[in-house]
Amino acid sequence: MAAEHPMIEQQRCDLLCLDLPYAEDVRAGLPDTAEIAAAAARARALADASRLRIALALQAGGAMCVWDLAWVCDLAQNLVSHHLRALRTAGLATSRRERKLVIYSLTDTGRTLLAALMGTSVPTTPR
């Protein structure tokens, strides 16, 4: 059997021990499986570079229509629509109709997650 990498050996306990009351407290404090799955879906929504770019444009511009977002992000309108649908499905963006336009903006959750991802403070909505 080949020897393990020294760093791996340092990260493994040599003694099997379990502080059961502490471990149970930690386990009880974790969100349920559905909450974790929803959070993972939100994170995946921003894992795509185009969606991240669109979210950043919404953060900077506040409320914007698909055509403005397409121009700002240098993406095709149908591609921006597709990505906005994914952001809405994940609860990171919302839309509203103004006459013939559909206007998109980030949700509070979207702004908070984007700020955490980019390592910035949560901005106020510019528009």
Check Asp32 against each of (1) free of Cβ contacts under 8 Å to residues at least 24 places away in the same chain; (2) surrounded by 11 or more Cβ atoms within 10 Å (Cβ to Cβ) and name the one condition it does not meet. (2)
Could you tell me how many of the residues in segment 45-60 are among the small types (Gly, Ala, Ser) and in contact with a Ser or Thr (Cβ under 9 Å, 6 or more places away or on another chain)? 1
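Residues that are modelled with pLDDT of 90 or more and either among the basic types (Lys, Arg) or within 18 Å of Ala93 (Cα to Cα) (or both), at least 1 per element: which helices (runs of 4 or more DSSP H) completely within segment 1-49 meet that?
Values: elements: 6-10, 20-29, 33-45.
The qualifying helices (runs of 4 or more DSSP H) are 20-29, 33-45.
Do we find that Ala116 is surrounded by fewer than 19 Cβ atoms within 10 Å (Cβ to Cβ) and under 24 Å from Ala38 (Cβ atoms) in this structure? Let's see the steps before the verdict.
Working: surrounded by fewer than 19 Cβ atoms within 10 Å (Cβ to Cβ): yes; under 24 Å from Ala38 (Cβ atoms): yes.
It is true that Ala116 is surrounded by fewer than 19 Cβ atoms within 10 Å (Cβ to Cβ) and under 24 Å from Ala38 (Cβ atoms).
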Looking only at segment 60-106, count every residue that is farther than 18 Å from Ala39 by Cα, open to solvent by 40 Å² or more (accessible area, probe 1.4 Å) and part of a helix (DSSP H, G or I) and tell me the total. 9
In segment 80-108, which residues are over 15 Å from Arg51 (Cα atoms) and touching a Lys or Arg at 6+ places or on another chain (Cβ under 7 Å)? Ser95, Ile103
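The values are calculated or read from the model by the stated rules, or taken from the named source; none is laboratory data. These figures come from a predicted structure and were not determined experimentally. Cβ coordinates were reconstructed from backbone atoms using ideal geometry, including for glycine residues, and neighbour counts include every protein chain displayed. We work out accessible area using only protein heavy atoms, side chains counted, and drop any ligands, DNA or RNA first. Shrake-Rupley method; radii C 1.70, N 1.55, O 1.52, S 1.80 Å.
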